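Participant: Below you will find the structure I want to go over with you.
Coordinate-derived values only; no laboratory data. Owing to the predicted nature of the structure, the values given are computational and were not obtained by experimental measurement. Please note: Cβ atoms are built from the backbone with ideal geometry, for glycine as well, and neighbour counts cover all protein chains shown.
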Amino acid sequence: MTVYERDRTPADRLQGYRVHIDPHGARALHDCLPPESWQAFLDTTGRGGQDFGFLTERLERLALLETPAAADPADGHHSVSRITLRQILLSGMEETVRFGKTFERYERRPDGRIELFFADGTSQTAAIVVAADGGNSRVRGQYLPHARRVDTGITTVAGKFPLTRGTRELVARRLTDGPNTVIPPKGLGMFCAPHDLDGTAPVGGIGVTEQDGARMDNAGSYVLWAVGAAQGRFPGDLSGMSGDQLKASVERLISSWHPDLRRMVAMSDPDTVSLLPIRTSIPIEPWRATTITLLGDAIHSMTPMRGIGANTALRDAHLLCQALTGGREPVEAIARYEDRMREYGFAAVRDSLRAAQQFVGDNKPARLGFKAFLRTAQRFPALKARVFS
Ligand SMILES: Cc1cc2nc3c(=O)[nH]c(=O)nc-3n(C[C@H](O)[C@H](O)[C@H](O)COP(=O)(O)OP(=O)(O)OC[C@H]3O[C@@H](n4cnc5c(N)ncnc54)[C@H](O)[C@@H]3O)c2cc1C
């Protein structure tokens with residue numbers, strides 16, 4: 001097996017924010033990684049809190065969904081830095097991953113093998129091609145040209161509020177205890193989640209910081225925040241804005257919110273603040289299986305509002321690995337994988353789009369209704385358990 005990666009080096013495309021790994025992602029990592037890499041994952045995750053809060057912009061609690069800690073970490077929830085996760089996934093793969101190889105197109109040869117052409121003028125042949133080249137997948141563009149990825153019209157600005165001994169006390173405890181969705185009156189939304197590394201040290205190069213700057217700091221604790229709005233709601237044209245300007249735009253937008261939420265934004269290093277336009281794929285009808293297949297964002301990119309895109313990609317990798325090593329003929333194995341992947345993958349796309357629309361919902365009665373529903377659910381634990389199960 002060979003992985004062709006367009007980045008020139010492992011540190012080329014480091015992304016600074018944390019990512020939530022759910023039981024699907026954790027199970028996939030547990031089953032696919034060598035034991036020492038799984039252990040390194042467990043040793044370097046940040047405390048992210050198990051319980052999920054719903055708050056108003058005045059920090060009143062609407063509901064808190066308690067998730068008991070899993071007995072087996074492979075069935076649990078984890079907060080991991082993207083940089084650390086990439087280090088874990090790459091460890092021991094030096095012989096397998098070829099950096100600096102930007103895929104451009106493929107051709108099917110008469111013997112059934114597939115010839116891959118790269119931007120550096122070289123080519124390689126393969127019996128099976130797995131496209132894991134992300135939301136703008138070039139493999140998908142050629143293989144399933146009718147599969148589209150569109151802008152949702154929702155824009156998010158994210159940043160990192162540093163968690164130090166001094167800053168921890170400056171915001172409400174709930175904001176550092178676990179993830180929260182803030183539901184303001186209408187048209188806006190905020191998500192925040194702690195990534196608390198207190199006492200966690202890098203293990204054998206995993207968890208170290210590879211690049212300078214607050215954004216790429218892999219060793220500090222922080223609360224990730226993201227404020228979203230329908231396009232046009234943020235003051236000013238966000239494209240091309242610096243971190244400072246983006247931060248100022250968010251500050252204006254949330255100027256009437258609780259001081260602790262405003263403080264998190266105000267105290268974030270501008271270097272950590274970035275613009276994230278929200279896109280989604282559009283689910284397509286099943287296609288006939290061949291020796292080319294796809295996984296992750298390459299086939300079902302989704303909005304980040306449910307925090308399941310990477311988990312679904314890991315679930316795909318796990319399932320595809322089981323299918324291809326299960327003794328079946330490759331096209332039959334791929335067909336079985338794709339049947340299941342399309343079902344949960346496109347369901348995740350639809351759920352995530354709904355969550356994004358709800359996140360910035362502009363319908364005042366619907367928003368009031370949702371808040372009333374959360375308050376009611378909070379008062380009746382049996383109802384809450386049933387609805388959120
Ligand atoms: C703000 C935000 C927060 C998120 N939070 C979460 C979360 O908490 N939990 C979660 O599960 N998901 C989350 N997601 C979604 C998650 O980031 C993606 O679903 C996930 O990264 C998809 O993984 P992937 O491997 O399919 O694609 P990618 O991570 O995009 O990886 C694609 C790889 O292919 C390479 N590549 C691309 N084109 C080529 C080419 N032509 N030739 C060679 N190589 C190529 C790229 O360099 C890259 O290494 C979030 C997304 C965003 C935007």
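Participant: Most exposed first by the Cβ proxy, i.e. fewest other Cβ within 10 Å, how do TRP225, TRP38 rank?
Facilitator: So the ranking, lowest neighbour count to highest, is TRP38, TRP225.
Participant: For the range 335-344, just list the computed ³J(HN,Hα) in residue order, Karplus coefficients 6.51, -1.76 and 1.60, θ = phi - 60°, integers in Hz, with x standing in for Gly and Pro.
Facilitator: 4, 5, 4, 5, 4, 6, 4, 4, 5, 6
Participant: Moving to a separate point now. How big is the dipole moment of the range 179-266 about its Cα centre under a simple scheme where the beta carbon of each Lys and Arg is +1, that of each Asp and Glu is -1, and everything else is neutral? Debye, nearest 20, please.
Facilitator: 500
Participant: Still on this structure: Note down the Stokes-Einstein diffusion coefficient of the range 154-300 in µm²/s, whole number, using a Kirkwood radius over alpha carbon pairs, 10 °C, and 1.306 mPa s.
Facilitator: Approximately 92 µm²/s, per Stokes-Einstein.
Participant: Given the -39500 (n - 2.57) contribution per DSSP H run of 4+ residues, what per-residue ellipticity at 222 nm results for the chain, rounded to the nearest 500 deg cm²/dmol?
Facilitator: -10500 deg cm²/dmol
Participant: Whole-Hz ³J(HN,Hα) for each residue in the range 289-299, computed from phi via Karplus 6.51 cos²θ - 1.76 cosθ + 1.60 with θ = phi - 60°, x for glycine and proline: what do you get?
Facilitator: Once rounded to whole Hz, the list reads 6, 9, 8, 10, 9, 9, 8, x, 4, 4, 10.
Participant: I would also like to ask the following. Please express the shape of the range 105-180 as an equivalent ellipsoid: the semi-axes are the square roots of 5 times the eigenvalues of the C-alpha gyration tensor, given largest first in whole angstrom.
Facilitator: Equivalent ellipsoid semi-axes, largest first: 47, 17, 11 Å.
Participant: Moving to a separate point now. Place a +1 charge on the Cβ of each Lys and Arg in the chain and a -1 charge on the Cβ of each Asp and Glu, then give the dipole magnitude about the Cα centre in debye, rounded to the nearest 20.
Facilitator: Magnitude of the dipole: close to 1520 debye.
Participant: Another question about this same structure. Listing ILE299, ILE83 from the residue with the fewest other Cβ atoms within 10 Å to the one with the most, what is the order?
Facilitator: By the 10 Å Cβ count, ascending, the order reads ILE83, ILE299.
Participant: From the backbone phi of the range 362-375, what are the Karplus-calculated ³J(HN,Hα) couplings (6.51 cos²θ - 1.76 cosθ + 1.60, θ = phi - 60°) in whole Hz, Gly and Pro given as x?
Facilitator: Those phi angles translate into 9, 8, 4, x, 5, 5, 4, x, 5, 5, 4, 4, 5, 4 Hz.
Participant: If you don't mind, another one. What's the lysine pair count for the chain at a Cα cut-off below 14 Å, pairs eight or more apart or interchain?
Facilitator: Lysine pairs satisfying the spacing and distance rule in the chain number 4.
Participant: Would you mind checking which residues have amide H under 5 Å from ARG105's amide H? H placed 1.01 Å from N; only 5 or more apart, or other chain.
Facilitator: Close amide H contacts, sequence-distant or interchain: PHE117.
Participant: With 10 angstrom as the radius, rank SER137, SER255 by how many other C-beta atoms surround their C-beta, starting from the fewest.
Facilitator: SER255, SER137
Participant: From zero outward in steps of 20 Å, how is the percent of C-alpha pairs of the chain spread across the bins?
Facilitator: 26, 58, 16, 0
Participant: Right, here's the next one. Near the amide H of ARG279, under 5 Å away, which other amide H atoms are found, from residues 5 or more places off or on another chain, if H is placed in the peptide plane?
Facilitator: Sorted by chain and number, the residues that satisfy this are THR152.
Participant: For a protection proxy built on the mean count of beta-carbon atoms within 10 angstrom, sort 281-291, 353-363 highest first, please.
Facilitator: Highest-to-lowest ranking by the protection proxy: 353-363, 281-291.
Participant: Related question: Can you grab the distance from the C-alpha centre of the range 10-82 to the C-alpha centre of the range 177-238, Å, no decimals?
Facilitator: Using only Cα atoms to place each centre, the spacing works out to 14 Å.
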